[in-house]
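A short write-up of the structure that comes next.
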Amino acid sequence: MLRFFLVFVAILGGLFLFELAPPGQSLVVTPWTSTLTKLSYELIAPFDPNVIAHGKVIQNRSDGQGISIEAGCNAIEASIVLIAAILAFPAPWRHKLRGLAFGILAVQGINVLRVISLFYLVQWRADIFEFAHLYLWQALIMLDVLVVWLIWIRAMPERRMFPHGT
Amino acid sequence: MGRNPLYIFLAKAAFWLPLCLGLWYWKAEWFNSPAALVSSWIMQGFFDGWVESVEWSRRTLSVLTTLELPNIPVPAERSGQVGLLVVQTNPLFYGYGLPLFAALLLSSGEARRWRKLLFGALALIPLQSWGVCFDILRQVAIEAGPAVRAQAGFSRWQIEVIGLGYQFGYLILPTVAPISLWLALNRQFIPMLMLEGGLQRSEYPGKSV
């Protein structure tokens, strides 16, 4: 457990530093935030003709209200936590790679739901937007990370679980 | 689906998380007071050169400083007086780990959960204070401008550390700390989950569980 925690913290710290550094920002954060904005827009647009998107902003054309996807809202930190947790846990590499692929997809999928829900919440119920944005969704995204990681652990191949044939 | 302990845990967490978060948000001034108090001690203890006093009310921690703000227009009747920097922060931004931790603990049906809850709540206070203090320092060292920064006496590398500490306290600590704490206090959960998953697969080989 201690070894897992130390490796987890080391990987988490390394990835977090890379994310904050200029190469991480230009290679990962900015392109991904832009892609997330476009993806959210593409999912909303068929049902809502008033929506427009530019840069990292999704807006309602008629009243100008909208959201800007900032650091902490693009689920990159949540993905980093999941990557660190999967890489730090002793498991076969094939299982790790499968966990990373499906896990990141699950976290980002939930985050698209967060972005879309917050876009409408700021227009319909601005009074509870702060609670949903800063606290509820932040906790839900991390709960998603935890559940994905636990599902991955539960699906661990038997040989890794019982290394001595017990 | 009903047999899977993970689904049961998830269903319980979906129930407890909004409940714990709602209670924590409703009584925010009460739940966040310990971290506000610790933060004010830290700021007054380590930065007594420019921290005049710290006030905590209505979910806002206000730090009154002796740092002078340049280029503040002063009315004629107050000529000779200067504007002083007041920094404000919301400790709730860094404190939602407590309801998340409580929800996880209540969802996993552990023994001695109230004792663990109390221990966890105490352990999370310094981590929340980390976020609060680095937010105050960030505002002084980075946002308030070069004149204020020079008065506070922050060097280049200290500013980098403050920026990094703030990002870590805002983006990582509030969510990773409660989950790590919950796992540390509930060590049998992971082996139990692996064992249960393995048994389930051996019982129904070839079937996805």
Requested in this report: Any chance you could give the angle, 0 to 90 degrees and rounded to 10, that helix A:93-124 forms with the longest Cα principal axis of chain A?
Outcome: 20
Query raised in the report: For the stretch A:19-101, what value does the Rg/Rh ratio take when both radii are computed over Cα atoms and Rh is the Kirkwood radius, given to two decimals?
Result: 1.12
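Using a 10 Å cut-off around each Cβ of peptide B:178-185, what is the average number of partner chain Cβ atoms that fall inside?
On the way: counts 3, 7, 4, 0, 1, 6, 3, 0.
Shielding by partners across B:178-185 averages 3.
Given an 8 Å cut-off on Cα distances and at least 6 residues of separation, report the relative contact order of the stretch B:1-122 as a percent.
Values: 123 pairs, mean separation 34.6, N = 122.
It comes to 28 percent, rounded to a whole number.
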Query raised in the report: Roughly how many debye, to the nearest 20, is the charge dipole of the stretch A:53-127 about its Cα centre, given +1 on each Lys and Arg Cβ, -1 on each Asp and Glu Cβ, and no other charges?
Result: 360
Requested in this report: Compute the separation of the alpha-carbon centres of the stretch B:90-105 and the stretch A:130-147 and state it in Å as a whole number.
Outcome: 10
Query raised in the report: What are the radius of gyration and Dmax of the stretch B:53-204, computed over its Cα atoms and given in Å?
Result: 22.5, 86
Report task. Could I have the simple spin-label model distance between A:N50 and B:A123, label points 7 Å from Cα toward Cβ, reported in nm to one decimal? Result -> 4.8
Report summary line: GNM of chain B, Cα pairs under 10 angstrom: of B:L164, B:L195, B:L122, the biggest fluctuation goes to B:L195
Requested in this report: Using the charge dipole of chain B (Lys, Arg: +1 at Cβ; Asp, Glu: -1 at Cβ; taken about the Cα centre), state which of B:G49, B:S129, B:L183 has its Cα farthest towards the positive end.
Outcome: B:L183
Query raised in the report: Measuring from label point to label point, each 7 Å out along Cα→Cβ, what is the B:I142 to A:E70 span in nm?
Result: 1.2
Query raised in the report: Cα centroid distance between the stretch A:47-101 and the stretch A:1-41, in Å?
Result: 11
Query - Computed P(r) (all Cα pairs; the stretch A:61-150; 10 Å bins; percent) - result: 16, 43, 24, 12, 4, 0
Requested in this report: May I ask you to compute the full-extension gain from B:L64 to B:L164, defined as 0.36 nm times their residue separation minus their alpha-carbon distance, rounded to one decimal in nm?
Outcome: 33.6 nm
Query raised in the report: Once the principal axes of the Cα atoms of the protein assembly as shown are found, what is the range along each, listed largest first in whole angstroms?
Result: 86, 52, 40
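Counting pairwise Cα distances across the stretch B:122-166, what percent come out greater than 15 angstrom? Provide the component values of the computation, followed by the final result.
Numbers: 409 of 990 pairs.
Percent of Cα pairs beyond 15 Å in the stretch B:122-166: 41.
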Report task. Inverting the mean 1/r over all pairs of different Cα atoms, compute the Kirkwood radius of the stretch A:2-158 and quote it in Å. Result -> 16.8
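Round to the nearest 0.05 the FRET efficiency obtained for B:F46 and A:S34 when R0 = 51 Å and r is the Cβ-Cβ distance.
On the way: r = 40 Å, r/R0 = 0.79.
The formula returns an efficiency of 0.80 here.
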Report summary line: Between B:S57 and B:W114, the two model label points (7 Å from Cα along the beta-carbon direction) sit apart by a distance in nm of 3.5
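Calculate the mean, over all residues of peptide A:67-73, of how many other protein chain Cβ atoms lie within 10 angstrom of the residue's Cβ.
Details: counts 0, 0, 0, 0, 3, 6, 0.
Neighbouring Cβ atoms belonging to other protein chains average 1 per residue here.
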Requested in this report: Add +1 for every Lys or Arg and -1 for every Asp or Glu among the other residues with Cβ under 12 Å from the Cβ of B:L105, and state the total.
Outcome: +4
Query - Peptides A:7-13, B:69-75 ordered by average Cβ neighbours within 10 Å, highest first - result: A:7-13, B:69-75
Requested in this report: Report the Stokes-Einstein translational diffusion coefficient (µm² s⁻¹, integer) for the stretch B:1-42, Rh taken as the Kirkwood radius over Cα pairs, at 25 °C with viscosity 0.890 mPa s.
Outcome: 197
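Any read-out appearing in this document is the output of simple, stated calculations on the displayed coordinates, not a laboratory observation. Just so it is clear, the model here is predicted, and its values are computed rather than measured. Every residue, glycine as well, gets a Cβ built from its backbone with ideal geometry; the counts of neighbours run over all protein chains shown.
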